[in-house]
């Protein structure tokens with residue numbers, strides 16, 4: 001059983017694979033001040049629902065865009081699972097080449113997504129990841145990571161609207177029937193939902209023009225299913241793209 005961990009700014013997503021099958025996954029809050037022991041306690045509780053123990057895990061891999069949290073998870077895995085995790089970064093074999101100005105500044109999650117998407121669907125393709133930020137990644141037909149775009153995520157944009165505008169409330173992000181809202185909440189929901197659908201389609205449309213050829217567009221991340229329903233550009237939703245990419249990279253580095 002292989003433990004895969006993606007450390008994001010808002011959430012840490014963990015998954016356990018056995019024989020390439022995702023047995024289960026969990027999403028927990030990213031807590032920058034948690035110790036390795038605190039993370040171990042949380043994971044032990046999650047494992048207990050499936051009658052698993054730490055000894056069931058024979059390997060682990062971590063991708064992270066939150067450097068302060070990475071050492072705690074790495075230490076936790078070494079201490080409690082008795083394995084040394086692979087940390088996605090320089091020196092780790094991914095199977096794709098990174099063709100941008102400074103490859104070291106590229107987020108590990110974007111590399112992992114590109115590996116998974118190219119392995120599963122081939123190229124050229126565009127990956128849209130709905131996370132704390134909404135990221136757009138372009139991969140060539142030859143498997144080259146070409147770059148992309150980064151926009152504020154839906155969640156943090158909505159929260160900023162609440163925090164910075166005194167009379168606007170927090171709202172649930174939902175698809176609205178009409179764009180013309182009859183009250184403040186409906187108006188905010190319409191602007192957020194349809195505004196982000198338009199953002200996605202516009203950025204992807206321009207990226208497809210730059211790439212040329214027949215482009216596949218893959219969406220992943222927490223709000224992918226919500227937004228993709230009204231997107232004209234997204235071809236398919238792959239909710240476990242990042243976890244699968246971690247598994248592929250883990251296997252590639254065992255050879």
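Sort 127-134, 91-98, 69-76 for me by packing, meaning the mean count of neighbouring Cβ atoms within 10 Å per residue, highest on top. Walk me through the numbers before you get to the answer.
Details: 127-134: 24.6, 91-98: 14.4, 69-76: 19.4.
Result, highest mean Cβ count within 10 Å first: 127-134, 69-76, 91-98.
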Which residues among region 18-40 fall inside the zone where the amide N is under 16 Å from a point 7 Å beyond the Cα of residue 11, along Cα→Cβ?
24-31
Under a 10 Å cutoff between Cα atoms, tell me which one of 37, 109, 238 has the largest fluctuation in the Gaussian network model of the chain.
37
Between residue 194 and residue 55, what length comes free when the chain is fully extended (0.36 nm per residue of separation minus the Cα-Cα distance, one decimal in nm)?
45.3 nm
Rounded to the nearest 10, the angle in degrees between the Cα long axis of helix 154-164 and the longest principal axis of the Cα atoms of the chain comes to 60 degrees
Looking at the chain as a GNM with Cα springs under 10 Å, which of 64, 231, 166 has the largest mean-square fluctuation?
166
Using a 10 angstrom cutoff on alpha carbons, build the Gaussian network for the chain and name the most mobile of 120, 142, 164.
164
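If you take the beta carbon distance between residue 164 and residue 66 as r and set R0 to 22 Å, what does 1/(1 + (r/R0)^6) give as a FRET efficiency, to the nearest 0.05? Mind dumping the intermediate values first?
On the way: r = 24 Å, r/R0 = 1.11.
My answer for the efficiency is 0.35.
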Report, in whole Å, the centroid distance computed from the Cα atoms of region 15-70 and region 151-205.
33 Å
Could you state the angle between the C-alpha long axis of helix 184-211 and the longest principal axis of the C-alpha atoms of the chain, as a value from 0 to 90 degrees rounded to the nearest 10?
70 degrees
Eigenvalues of the alpha-carbon gyration tensor of the chain, times 5 and square-rooted, give semi-axes in Å, largest first, of 32, 24, 15
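Over all directions, how big on average is the projection of the convex hull of the alpha-carbon atoms in region 154-255, in square nanometres?
Values: hull surface 35.9 nm².
Hull-based average projected area comes out at 9.0 nm².
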On a 0 to 90 degree scale, rounded to 10, what angle separates helix 241-252 from the longest Cα axis of the chain?
30 degrees
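Please list the three semi-axes, largest first and in whole Å, of the ellipsoid equivalent to region 55-192, using sqrt of 5 times the eigenvalues of its alpha carbon gyration tensor.
Details: eigenvalues 252, 98, 37 Å².
The equivalent ellipsoid of region 55-192 has semi-axes of 36, 22, 14 Å.
Can you bin region 2-87 into rounded, prolate or oblate? Criterion: square roots of the alpha carbon gyration tensor eigenvalues sorted a ≥ b ≥ c, rounded for a/c under 1.5, prolate for a/b above b/c, oblate for the rest.
Numbers: a/c = 1.41, a/b = 1.38, b/c = 1.02.
Rounded.
Over the chain, what is the relative contact order in whole percent, taking alpha-carbon pairs under 8 Å and six or more residues apart? Before the final figure, lay out the partial values.
Working: 444 pairs, mean separation 46.4, N = 255.
Worked out over the chain, it gives 18 percent.
No lab work stands behind these numbers, since they all come straight from the coordinates. These numbers come from a predicted model, not from an experiment. In this analysis, Cβ positions are derived from the backbone assuming ideal geometry, glycine residues included, and neighbour counts consider all displayed protein chains.
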